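The values are calculated or read from the model by the stated rules, or taken from the named source; none is laboratory data. Being a predicted model, the structure only gives us computed values, none of them experimental. Don't worry about glycine lacking a Cβ; one is built from the backbone with ideal geometry, like all the others, and counts go over all protein chains shown. With ligands, DNA and RNA removed, areas are computed over all heavy atoms of the protein, side chains included. Shrake-Rupley method; radii C 1.70, N 1.55, O 1.52, S 1.80 Å.
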Amino acid sequence: MAKLRAAIIGAGQIARKSHIPNYLSMGDEVEIVGICDRNIEAAMSAAAENGIPDWFSDHKEMLKMVKPDIVNVCVPNKFHYAAVFDSLDAGCHVLCEKPPGISYKEAELMMKKSEECKRLLSYGFHLRHGENVRIMKEKALNGEFGQIYFVKAEWLRRRGIPGWGNFTNSDIQGGGPLIDIGVHMLDIAVYLMDYPEIDHVSATSHDLIGKRKGVGLMGDWDPDKFNVEDSLFGFIRFKDGSSLSISNSFALNMKEKDRKNLEIYGDRLGASIFPPETFGEERSMLTNTEYPFAKDDDLHFKSLLNFVKACRGEAELLVTAKQGAYVQKMVEALYESSLRGEPVRL
Ligand SMILES: NC(=O)c1ccc[n+]([C@@H]2O[C@H](COP(=O)([O-])OP(=O)(O)OC[C@H]3O[C@@H](n4cnc5c(N)ncnc54)[C@H](O)[C@@H]3O)[C@@H](O)[C@H]2O)c1
């Protein structure tokens with residue numbers, strides 16, 4: 001089968017560390033035919049370093065000139081929408097980095113556009129591709145948890161405010177740790193809960209640590225330019241009576257440098273998924289079960305491979321545009337509640 005012709009929009013960190021090397025390692029499946037960055041020097045150097053034949057500063061021109069089959073969108077969040085929309089319009093399947101966009105409206109319009117164009121749209125929620133998530137999804141589908149009534153999701157960093165890029169710029173990223181790292185945990189949580197209908201959302205957010213100078217474990221940030229939350233704590237109640245709590249921080253006074261987990265509570269079984277363990281009761285005994293777990297360090301590769309196989313019709317797309325829109329709706333409501341200081345009904 002002919003190789004898929006891939007084009008990349010955005011030649012920054014994630015394109016260079018993940019998308020380009022992963023596609024280059026799929027020699028028989030994909031060839032990268034063009035790269036674009038509005039900073040033409042970034043596009044040129046990424047092309048030169050990786051043997052990409054064409055580079056551009058404008059994605060529309062690239063789409064017209066190289067006519068790719070698939071497009072990977074690796075620009076900051078604010079620019080996802082235009083890049084995704086134009087790529088779908090040009091007849092391409094699209095893998096866009098997470099989050100889908102900076103508003104639910106954008107995520108919904110991108111989903112509708114992909115349906116209208118009959119092209120696949122997926123998002124870079126790479127944690128979804130982990131073996132731990134697969135094990136738990138299988139258990140959920142088999143009914144092993146019984147009724148899942150509470151999920152606790154958290155990704156907390158002690159002083160992990162990124163000192164590079166746009167991660168502390170709300171205008172470009174749409175928010176801080178919730179939209180950057182929390183979105184991964186929300187994505188896994190609702191995938192395992194099977195997307196229950198949301199009743200209401202409530203959250204508080206804070207920026208006291210981010211707005212002053214301090215110790216940086218991920219580089220130094222500029223407190224004067226910090227206009228995102230440094231932490232957010234939220235609660236989502238679903239119409240079926242189940243609930244989800246989400247805690248995220250770039251900076252929080254806590255013991256560990258970084259803590260990421262998702263806990264599932266069902267009436268038959270509970271679980272903790274980083275690493276995967278379950279907790280139940282059998283023959284009048286309480287049971288704890290660990291799962292042989294090969295550390296997944298190739299989740300970005302798995303995410304791209306699933307997208308490529310789905311474009312070829314050889315696999316089902318794991319992360320869909322509809323699921324991305326659902327997650328974006330929660331993110332938007334959490335921010336709205338934290339700003340308004342009251343619950344948001346959906
Ligand atoms: N899945 C993950 O683990 C992961 C990790 C890091 C970043 N990301 C996501 O990847 C995206 C990019 O992040 P990054 O860290 O690579 O950012 P970055 O700032 O390193 O790179 C972004 C690049 O896009 C270019 N750009 C900006 N606007 C453009 C436009 N309209 N057209 C063309 N090029 C444009 C910039 O010049 C820059 O070179 C973000 O959405 C981020 O959330 C995902």
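As I understand it, the value is the acute angle between the Cα axis of helix 40-50 and the longest principal axis of the Cα atoms of the chain; what does it come to in degrees, rounded to 10? With rounding to tens, the tilt is 90 degrees. Taking the 1.4 Å solvent-accessible surface of the range 76-145 as the whole, the part contributed by carbon and sulfur is 51%.
Loop-located chymotrypsin sites (Phe, Trp or Tyr not before Pro) across the range 152-206 with a Cβ neighbour count of 16 or fewer within 10 Å are Trp164, with loop assigned by DSSP. For the range 196-243, with all protein chains in place and a probe radius of 1.4 Å, 52% of the accessible heavy-atom surface sits on carbon or sulfur.
Excluding ligands, DNA and RNA, the accessible surface per residue across the range 203-253 is 49 Å² with a 1.4 Å probe.
How charged is the neighbourhood of Lys60? Take every other residue with its Cβ under 13 Å from the Cβ of Lys60, and add Lys/Arg as +1 and Asp/Glu as -1. Walk me through the numbers before you get to the answer.
Working: positive: Arg38, Lys64, Lys67; negative: Asp58, Glu61, Asp86, Asp89.
For residues surrounding Lys60, the net value is -1.
In the complete set of protein chains, residue-level accessible area for Asp69 is approximately 60 Å², probe 1.4 angstrom. Per-residue ellipticity at 222 nm computed for the chain from its helices equals -9500 deg cm²/dmol, with DSSP H segments shorter than 4 residues left out and the rest contributing -39,500 (n - 2.57).
Peptides 321-328, 44-51, ordered by how many other C-beta atoms sit within 10 Å of their residues on average, highest first, read 321-328, 44-51. Once Rg and the Kirkwood radius are both taken over the C-alpha atoms of the chain, their ratio Rg/Rh works out to 0.97.
What order do you get for 267-279, 79-91 when each peptide is scored by the mean count of other beta carbon atoms within 10 Å, highest first?
On the way: 267-279: 18.2, 79-91: 21.0.
Per-residue mean Cβ counts within 10 Å order the peptides as 79-91, 267-279.
Using a Förster distance of 51 angstrom, determine the FRET efficiency expected from the C-beta separation of Leu217 and Met285, and round it to 0.05. Calculated transfer efficiency: 0.75. Expressed as a whole number of Å, what is the distance separating the alpha-carbon centroids of the range 162-216 and the range 247-293? Their Cα centres are 21 Å away from one another.
Ordering Tyr149, Tyr265 by accessible surface, largest first, gives Tyr149, Tyr265; the 1.4 Å probe counts only protein heavy atoms, with every chain in place. Applying both filters, DSSP loop and at most 15 other Cβ atoms within 10 Å, to the GluC sites (Glu not before Pro) of the range 104-213 gives Glu144, Glu197.
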